[in-house]
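Each remark here refers to the structure printed beneath this line.
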Amino acid sequence: MGREFSELSTNGRQVTLNRPKALNALSSPLFEELNDALSKYDENKDIGAIVITGSEKAFAAGADIKEMAPLTFSAAYSNNFIAPWSHLANAIRTPVIAAVSGYALGGGCELALMCDIIYCTDKATFGQPEIKLGVIPGAGGSQRLTRAIGKSKAMELILTGKNFSGKEAGEWGVAARVIEGGKEELMAETLKTAETIASYSRVAVVAAKEVVDKSQELSLREGVEYERRLFHGLFGSKDQKIGMTAFAEKKKAEWSHE
Ligand code: CO8
């Protein structure tokens, strides 16, 4: 099958979900391609940040309902259906920003939540409507949304299947920034942030992402100790010397990424 996203080169790197006939519904082949692209970007040391986006109308309207409809328990269980969809959260070390315009529903909302930062337009629509289909979120939505907005609000959204707006996503801390306007304004702001992240030492950026991620899993004490150890470790990097020397000499740091 043909590629269902296109790549655009910027200072960061961008993956655009491009399955307009199904509002970017996430089929297994689409996810395989997405995972391949993310792995290639992640291996490329010249890429300092990755952006995932969709169209003006849809970031992604969920997992492909038509693909899932005939699925049986035994096939889903024995093939560990959608387990590979966690590749982004489990294996990608480069920061990933989701730029959400339009619908981010079900698996689309979960894909955005797997990213490190979400930017959205004020007109974006998020939601976990799986309950209306007789199922529940299956790619981390019940866990990540709950961590992001708290139990009561997440429970209400997941049990009612009600959507929430881009504006609410910003107010509740799901999205780091809500951009007024359309996809163009959204991409301009997202790429600026991707470029800022990509302009820093890769070693420090990967470490920063790792410690923030650990805060979601470790106790406060374990997390603070983990952070301190990684902080100590960075004194073994060339970029720590480069960054601090450049500050003292009032020069711009030229990172070695080592
Ligand atoms: N799957 C398959 N096809 C879809 C999906 C989907 N999730 N969403 C939209 N489409 C298709 C429609 O069937 C339609 O196709 P056709 O033209 O052949 O009839 C086309 O896209 C356009 O859609 P609509 O005509 O419905 O467009 P509207 O503007 O009228 O409505 C909506 C837009 C409100 C977004 C509507 O399409 C909708 O409700 N979509 C389904 C949303 C949904 O329920 N998503 C959750 C799916 S379940 C899920 O994601 C489980 C997650 C499990 C793990 C996922 C891991 C990442």
Self-check item: Cα centroid of region 118-178 to Cα centroid of region 55-113, whole Å
Solution: 14
Quiz item: In whole percent, how big is the carbon plus sulfur part of the accessible area of region 2-198, probe 1.4 Å, protein atoms only?
Solution: 53
Practice problem: State the volume of the convex hull built on the alpha-carbon positions of the chain, expressed per residue in Å³ and rounded to an integer. | Solution: 146
Quiz prompt | Debye, to nearest 20: dipole size of region 202-248, +1 on Lys, Arg Cβ, -1 on Asp, Glu Cβ | solution = 220
Quiz item: How far, in nm, would the chain grow between V212 and E195 when pulled straight, counting 0.36 nm per residue and subtracting the alpha carbon separation?
Solution: 4.1 nm
Exercise. Mind checking the per residue accessible area of the chain for me, 1.4 Å probe, whole number of Å²?
Key: 54
Practice problem: Taking the Cα centre of region 2-198 as origin, work out the dipole magnitude from +1 charges on Lys and Arg Cβ and -1 charges on Asp and Glu Cβ, in debye rounded to 20. | Solution: 400
Practice problem: Please build a GNM for the chain, connecting alpha carbons under 10 Å apart, and tell me which residue among F73, F235, F81 fluctuates the most. | Solution: F73
Quiz prompt | Projected label distance in nm at E180 and I131, using a 7 Å step from Cα toward the beta-carbon | solution = 3.3
Exercise. Under a cut-off of 20 Å between alpha-carbon atoms, report the aspartates and glutamates in cross-link reach of K241, not counting same-chain residues fewer than 8 places apart.
Key: E227, E249, E254, E258
Quiz item: Of G140, S237, A198, which is farthest along the charge dipole of region 101-258 in the positive direction, counting Lys and Arg as +1 and Asp and Glu as -1 at C-beta?
Solution: S237
Practice problem: Would you compute, from DSSP H runs of 4+ residues alone, the mean residue ellipticity of the chain at 222 nm, taking -39500 (n - 2.57) per run and dividing by the full residue count, rounded to the nearest 500? | Solution: -13500 deg cm²/dmol
Quiz prompt | Residues in region 33-77 reached by a label modelled at A91 [backbone nitrogen below 13 Å; 7 Å Cα→Cβ] | solution = 33-43
Self-check item: Within a Gaussian network of the chain (alpha carbon springs, distance under 10 Å), most fluctuating of L17, L230, L157
Solution: L230
Quiz prompt | Highest-fluctuation residue, V96, V15, V203 considered, GNM on the chain with Cα pairs under 10 Å | solution = V203
Exercise. Specify which residue in the list I117, G223, H257 is farthest towards the positive end of the charge dipole of the chain, using unit charges on the beta carbon of Lys, Arg (+1) and Asp, Glu (-1), about the Cα centre.
Key: G223
Quiz prompt | Tensor-based shape of region 33-157 (alpha-carbon gyration tensor, a/c under 1.5 rounded, otherwise prolate or oblate) | solution = oblate
Exercise. Compute the acute angle (0 to 90°) between the alpha-carbon long axis of helix 202-214 and the principal axis of greatest extent of the alpha-carbon atoms of the chain; round to the nearest 10°.
Key: 50
Quiz item: Do any of K132/K167; K183/K238; K167/K252; K66/K153 go past 31 Å between their Cα atoms, and which?
Solution: K183/K238; K167/K252
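The values are calculated or read from the model by the stated rules, or taken from the named source; none is laboratory data. If you're wondering where the values come from, they're calculated on a predicted model, not measured in any experiment. When we count neighbours, we look across all protein chains shown, and the Cβ atoms used for this are built from the backbone with ideal geometry, even at glycine. The area values use the complete protein model at the heavy-atom level, side chains included, leaving out ligands, DNA and RNA. Shrake-Rupley method; radii C 1.70, N 1.55, O 1.52, S 1.80 Å.
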